[in-house]
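Just below is one structure, and these are the notes that go with it.
The values are calculated or read from the model by the stated rules, or taken from the named source; none is laboratory data. Note that the structure is predicted; figures quoted are calculated from it, not measured. Cβ placement follows ideal geometry from the backbone for every residue including glycine, while neighbour counts extend to all protein chains displayed. Note: accessible area is taken over every heavy atom of the protein model, side chains too, but ligands, DNA and RNA are not part of it. Shrake-Rupley method; radii C 1.70, N 1.55, O 1.52, S 1.80 Å.
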Amino acid sequence: MNTILRKSVLGIAGLAFTGGVFAGPVAAHAADTTHAAKPVSVTVQGDKLIPHGVQGNQSHIDLDDEQTANVKAIIAATKKAGMDERAAVVSIATALQESKLENLGHLGDRNDHDSQGLFQQRPSSGWGTVEQITDPEYSTTAFLEALKQVDGWQDMPLTKAAQTVQVSAYPDHYAQWEQQAADLVAEHWNK
């Protein structure tokens, strides 16, 4: 009986630790730069951007030149892959959640295992080499290829589509970035 109780307690503690590790530096970074934003309607691209409406409170961060360049790289890779604006919205929202659109390298002890790049992809999980997953075009293409494998991703809520690819410890966190991602796609898609 004591062994079962001890294993249960250790298992719960392990889940709590793992949740903290998965949130890692990105969650700490988000606390410093994220603030709630009121949803703004996007009409430029129509219902391709937000077919289900946004879910829950929306977050917004101000982007610097590097982050804006990464948005443009994600959009370019999406177009090159022959995918539409909705795919770009899902990709950008995912990168906003995972890295705040910063191409993160290895962060030492604060790193979530070996996760790196815009999408926090892991070489040990088969996403590619460190050099590949820290290349915005490659990492976006890898994300999009995985997204294409999700049946019906175009019609599901953004957070579910992103979670199916990313398998995050925090599956609902992608939803908070849908409005900003849609706004960024509307702003940069035709440039």
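Observations
- Of the residues in region 88-95, none is open to solvent by 30 Å² or more (accessible area, probe 1.4 Å), in contact with a helix residue (DSSP H, G or I) (Cβ under 7 Å, 6 or more places away or on another chain) and either part of a helix (DSSP H, G or I) or touching a residue at least 12 places away in the same chain (Cβ under 8 Å) (or both).
- Among residues of region 141-158, those that are hydrophobic (A, V, I, L, M, F, W, C), more than 23 Å from G128 (Cα to Cα) and either without any contact (Cβ under 8 Å) to a residue 12 or more places away in the chain or outside any helix (DSSP H, G or I) (or both), counted: 1
- Qualifying residue in region 142-161 (condition: open to solvent by less than 40 Å² (accessible area, probe 1.4 Å), touching a Leu at 6+ places or on another chain (Cβ under 8 Å) and β-branched (V, I, T)): no
- Matching residues in region 105-127 - criterion: being more than 17 Å from Y174 (Cβ to Cβ), modelled with pLDDT under 90 and surrounded by 19 or more Cβ atoms within 10 Å (Cβ to Cβ): Q116
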